[in-house]
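See below for the structure under consideration.
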Amino acid sequence: MLTMKDIIREGHPTLRKVAKEVDTPLSEEDKALGQEMMEFLKNSQDPEMAEKYELRSGVGLAAPQINEQKRIIAVLIPAIDENGEEFILFEDVMYNPRIISHSVQKAALADGEGCLSIDRPIEGLVPRHERITVEWTDAEGNKKQQRFRDYEAIVIQHEIDHLNGKLFFDRIDPLQPYAARDFKLL
Ligand SMILES: O=CN(O)C[C@@H](CC1CCCC1)C(=O)N1NCCC[C@H]1C(=O)Nc1ccccn1
Ligand code: NI
């Protein structure tokens, strides 16, 4: 199982490389890799497993973060309903994800972003598209297309950035890190 020691950190060259598309039909190896990445997210969001294996809770993981230069991301977004019940808003392993359209309107997490590959807090708002339409292949080989908005859209953009060698702080305005000019704060 993947643990924090498998996650490469700031300074490792792979984090700045552009990952390669995976072949379809998906190889057994690529399917297994995607499963391992999703298992990490599930373990990281399970308090007992997270404590036992000292995992930082994550809602997304991109293959370059485990030193695999492949266009594969795992996304596991939990939410809480009005009765305080936890449920999963979105869960999928996305092969060759591609943003095919997006809103002009931008959005940013009000508390900024972090990254499991960055072991230091970095202040500032990270402006991203508020809404995106994403196309990808799932683990069963099906072509998927879905619109995402707000938090889900932010997470998926953070992961796709990893596939292009971009890190969240690349998007923080160095001169005015908290300028929330024309974007929606989430
Ligand atoms: O590339 C992928 N990464 O670097 C893991 C990141 C991805 C998110 C950061 C901002 C948007 C996507 C991640 O998940 N985090 N960043 C560092 C520590 C916190 C953690 C997090 O937000 N955890 C979380 C949030 C809600 C519920 C459960 N857990
Ligand atoms: Ni990250």
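The values are calculated or read from the model by the stated rules, or taken from the named source; none is laboratory data. Remember, it's a predicted structure, so these values are computed and weren't measured experimentally. Note that each Cβ is placed from the backbone with ideal geometry, even for glycine, and that neighbours are counted across all protein chains shown. Ligands, DNA and RNA are stripped out before the accessible areas are found, and what is left, the full protein with its side chains, is counted by its heavy atoms. Shrake-Rupley method; radii C 1.70, N 1.55, O 1.52, S 1.80 Å.
Every residue, every condition in (1) surrounded by fewer than 16 Cβ atoms within 10 Å (Cβ to Cβ); (2) within 14 Å of the chain's Cα centre (by Cα); (3) without any contact (Cβ under 8 Å) to a residue 40 or more places away in the chain, yes or no:
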{"position": "Y95", "(1), (2), (3)": "no, yes, no"}
{"position": "Q145", "(1), (2), (3)": "yes, no, no"}
{"position": "F148", "(1), (2), (3)": "no, yes, no"}
{"position": "Q157", "(1), (2), (3)": "no, yes, no"}
{"position": "R171", "(1), (2), (3)": "no, no, no"}
| Which residues, taken from the range 22-74, are within 18 Å of P97 (Cα to Cα) and of a type in the set (S, T, Y)? | T24, S27
| Name the strands (runs of 3 or more DSSP E) wholly within the range 17-133 that hold at least 2 residues that are within 16 Å of ligand 2 (Cβ to nearest atom)? | 60-62, 72-80, 86-102
| message | It is to be established whether one or more residues within the range 13-21 are under 18 Å from D138 (Cα atoms), within 11 Å of ligand 1 (Cβ to nearest atom), at pLDDT 95 or above and open to solvent by less than 20 Å² (accessible area, probe 1.4 Å). | response | no
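So that you can scan it fast, the table gives a plain yes or no per residue for (1) under 23 Å from G11 (Cα atoms); (2) polar (S, T, N, Q):
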{"site": "Y95", "(1), (2)": "no, no"}
{"site": "V104", "(1), (2)": "no, no"}
{"site": "S117", "(1), (2)": "yes, yes"}
{"site": "F169", "(1), (2)": "yes, no"}
{"site": "D173", "(1), (2)": "yes, no"}
| query | Under 9 Å by Cβ, and 6 or more places apart or on different chains, what pairs join a residue from the range 71-91 that is closer than 19 Å to D150 by Cα with one that is β-branched (V, I, T) and open to solvent by 50 Å² or more (accessible area, probe 1.4 Å)? | reply | L76/I88; I77/I88; P78/I88; A79/I88; E86/I80; F87/I80
| request: Give the residue that is farthest from E130 (Cα to Cα), with candidates limited to residues of the range 162-186 that are of a type in the set (D, E, K, R) and in contact with a strand residue (DSSP E or B) (Cβ under 8 Å, 6 or more places away or on another chain). | output: R171
| task | Mind listing just one residue for me: the one in the range 108-138 that is within 16 Å of the chain's Cα centre (by Cα) and of a type in the set (K, R) and, of those, surrounded by the most Cβ atoms within 10 Å (Cβ to Cβ)? | result | R128
| task | Within the range 62-80, identify whether any single residue is farther than 26 Å from H12 by Cα and among the acidic types (D, E), and answer yes or no. | result | no
| field | Subset of the range 156-183 that is of a type in the set (D, E) and not in a loop (DSSP other than H, G, I, E, B) - its residue that is farthest from ligand 1 (Cβ to nearest atom) | value | D170
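Being touching a residue at least 60 places away in the same chain (Cβ under 8 Å), open to solvent by less than 90 Å² (accessible area, probe 1.4 Å) and at negative phi narrows it down to one residue among L55, L2, L33; which is it?
L2
Here is a check on your reading of the model: is I100 under 25 Å from I132 (Cα atoms), of a type in the set (V, I, T) and open to solvent by less than 20 Å² (accessible area, probe 1.4 Å)?
No, not satisfied.
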| field | Tally, over the range 173-183, of residues that are open to solvent by 100 Å² or more (accessible area, probe 1.4 Å) and either modelled with pLDDT under 90 or hydroxyl-bearing (S, T, Y) (or both) | value | 3
